[in-house]
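*Asks:* Mind looking over this structure? Questions follow.
The values are calculated or read from the model by the stated rules, or taken from the named source; none is laboratory data. Keep in mind that what you see is a predicted model, and the values were worked out from it rather than measured. Cβ sites come from the backbone with ideal geometry, for glycine too, and all protein chains shown count toward neighbours. Just the protein is used for accessible areas: all its heavy atoms, side chains included, with ligands, DNA and RNA removed. Shrake-Rupley method; radii C 1.70, N 1.55, O 1.52, S 1.80 Å.
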Amino acid sequence: ADGYYQYTMFECVYSTSDYSDMVYLASLSFNKDVYLQFNSTVGKFVGLTEFGVMNAERLNKDPAFLQQQKAAVDTFCRHNAQIWDSSVRDKA
């Protein structure tokens, strides 16, 4: 009841079977308000609050971490989508 609630949500959004429109999203929230988000289409972190802007500026200055996040659309999303989609299609 009393306390703080912080979480990170990772999403892979797509609508085509060839995954050509796939987008990787990483959203960081505090007390149910998103304050920072990475979007693979944009290619950088975007702050949605004052705290988020401060962190986006810091994270966007780290080229290695930024490249890792950009690559997640392939290493995390497409890789897992192929596994998940095939298991669903095999059952249909």
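*Asks:* State whether the residues of region 11-20 include one that is in contact with a Lys or Arg (Cβ under 7 Å, 6 or more places away or on another chain) and not in a loop (DSSP other than H, G, I, E, B).
*Replies:* Here is the first cut: in region 11-20, the residues in contact with a Lys or Arg (Cβ under 7 Å, 6 or more places away or on another chain) are 19.
Subset that is not in a loop (DSSP other than H, G, I, E, B): none.
No, region 11-20 contains no residue that is in contact with a Lys or Arg (Cβ under 7 Å, 6 or more places away or on another chain) and not in a loop (DSSP other than H, G, I, E, B).
*Asks:* Check region 31-39 and report whether any residue there is closer than 15 Å to residue 76 by Cα and under 11 Å from the mean Cα position of the chain (by Cα).
*Replies:* Among the residues of region 31-39, at least one is closer than 15 Å to residue 76 by Cα and under 11 Å from the mean Cα position of the chain (by Cα), which makes the answer yes.
*Asks:* Which of the residues spanning region 1-20 are open to solvent by 80 Å² or more (accessible area, probe 1.4 Å) and within 17 Å of residue 69 (Cα to Cα)? It would help to see each step written out before you state the result.
*Replies:* Of region 1-20, the ones open to solvent by 80 Å² or more (accessible area, probe 1.4 Å) are 1-2, 4-6, 9-10, 15, 17-18, 20.
Listed by number, the residues that qualify are 9, 10.
*Asks:* Which of the residues spanning region 10-42 are free of Cβ contacts under 8 Å to residues at least 12 places away in the same chain and either closer than 23 Å to residue 54 by Cβ or touching a Ser or Thr at 6+ places or on another chain (Cβ under 9 Å) (or both)? Quick ask: steps written out before the conclusion?
*Replies:* So the first thing to find is which residues in region 10-42 are free of Cβ contacts under 8 Å to residues at least 12 places away in the same chain, and the list is 15-16, 18, 20-21, 42.
Hits for region 10-42 are 21, 42.
*Asks:* With respect to residue 29, determine if the residue is farther than 22 Å from residue 82 by Cβ and surrounded by 11 or more Cβ atoms within 10 Å (Cβ to Cβ). Break it down into steps so the answer makes sense when it comes.
*Replies:* Working: farther than 22 Å from residue 82 by Cβ: yes; surrounded by 11 or more Cβ atoms within 10 Å (Cβ to Cβ): yes.
Yes; evaluated as a whole, the condition is true for this residue.
*Asks:* Can you give me the ranges of the helices (runs of 4 or more DSSP H) entirely in region 50-92 with at least 1 residues that are surrounded by 14 or more Cβ atoms within 10 Å (Cβ to Cβ) and modelled with pLDDT under 95? Steps first, please.
*Replies:* Numbers: elements: 50-60, 63-72, 79-91.
Hits in region 50-92: 79-91.
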